[in-house]
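Q: My questions will all concern the structure given below.
We did not get these values from a lab; they are worked out from the coordinates using the rules stated. This is a predicted model, so every value here is computed, not measured. Ideal geometry is used to build each Cβ from the backbone, glycine not excepted, and the neighbour counts take in all protein chains shown.
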Amino acid sequence: MEQNINLLISGKNNRLSLSEFLAAVGIKAQKKGGPMAFPGALDILDKDDDGGLLLATTHHGQHLLLDDRSELLDSILEKGVLAFTRTQQTDALTVTLGDESGISWYNYYRDGKMQRSVTFEDTEPDEIGNPIPYEKNGVEPHSVLAAFCDSWKNLQKLEWEMYLRRNIEG
């Protein structure tokens with residue numbers, strides 16, 4: 001089975017700590033252990049049957065949350081992301097890099113609104129909204145991720161921390 005990679009990434013102009021970012025988007029979570037290499041952390045996340053774990057790190061001032069379940073990107077959390085981009089005056093990106101069905105997509109948020117959504121389910125992308133500056137190298141999710149933050153290959157080299165989610169607020 002292909003691994004789900006669901007990411008939520010804060011904009012570069014965010015002044016919050018990682019724990020403040022979690023709270024700002026409505027995630028109550030407690031750190032569980034110290035930093036660990038990505039492959040080992042992803043293995044633990046993959047074996048988490050109840051879905052309570054998520055990975056988090058900070059890279060060049062941007063906070064990244066990773067989950068292998070789609071709950072990270074659900075509508076309840078989207079309300080938190082919208083509020084975060086409105087109150088913190090920054091942007092955010094949610095991205096799925098190939099789920100079990102082969103679908104990849106991203107949503108771009110700014111000023112409390114979803115500005116752009118692109119889904120790759122077939123050969124042609126389904127695009128909603130106006131192009132964004134992070135699409136200079138194309139609209140494929142890996143390209144937008146690299147332009148917004150860094151390449152997926154480089155993000156896998158970072159140390160990630162495990163968090164235990166208590167719940168998601170609405």
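Q: How much length is gained if the chain between His59 and Ala37 is pulled fully straight, taking 0.36 nm per residue apart and subtracting their Cα-Cα distance, in nm to one decimal? Could the numbers behind the result be given before it?
A: Values: separation 22, 0.36 × 22 = 7.92 nm, distance 1.42 nm.
Fully extending the segment from His59 to Ala37 adds 6.5 nm.
Q: Order these by the 10 Å Cβ neighbour count, fewest first: Ile27, Ile132, Ile103. Numbers along the way, then the final one.
A: Working: Ile27 24, Ile132 19, Ile103 13.
Going from sparsest to densest Cβ surroundings: Ile103, Ile132, Ile27.
Q: To continue, here is another question. Would you mind ranking Asp111, Asp68, Asp50 so that the residue whose beta carbon has the fewest other beta carbons within 10 Å leads the list?
A: Numbers: Asp111 11, Asp68 19, Asp50 6.
Least to most surrounded, the residues fall as Asp50, Asp111, Asp68.
Q: Let me ask something else about it. Between Ser143 and Ser17, what length comes free when the chain is fully extended (0.36 nm per residue of separation minus the Cα-Cα distance, one decimal in nm)?
A: Taking 0.36 nm per residue and subtracting the Cα distance, the gain is 42.7 nm.
Q: Quick one: Debye curve from the C-alpha atoms of the stretch 6-165, no solvent, what's log10 I(q)/I(0) at q = 0.11, 0.18, 0.21 Å⁻¹?
A: -0.40, -1.15, -1.57
Q: Can you list the residues of the stretch 9-31 with backbone N under 20 Å from a point 7 Å past the Cα of Arg166, pointing along Cα to Cβ?
A: In the stretch 9-31, the label zone of Arg166 (backbone N under 20 Å from the point 7 Å along Cα→Cβ) covers 17-31.
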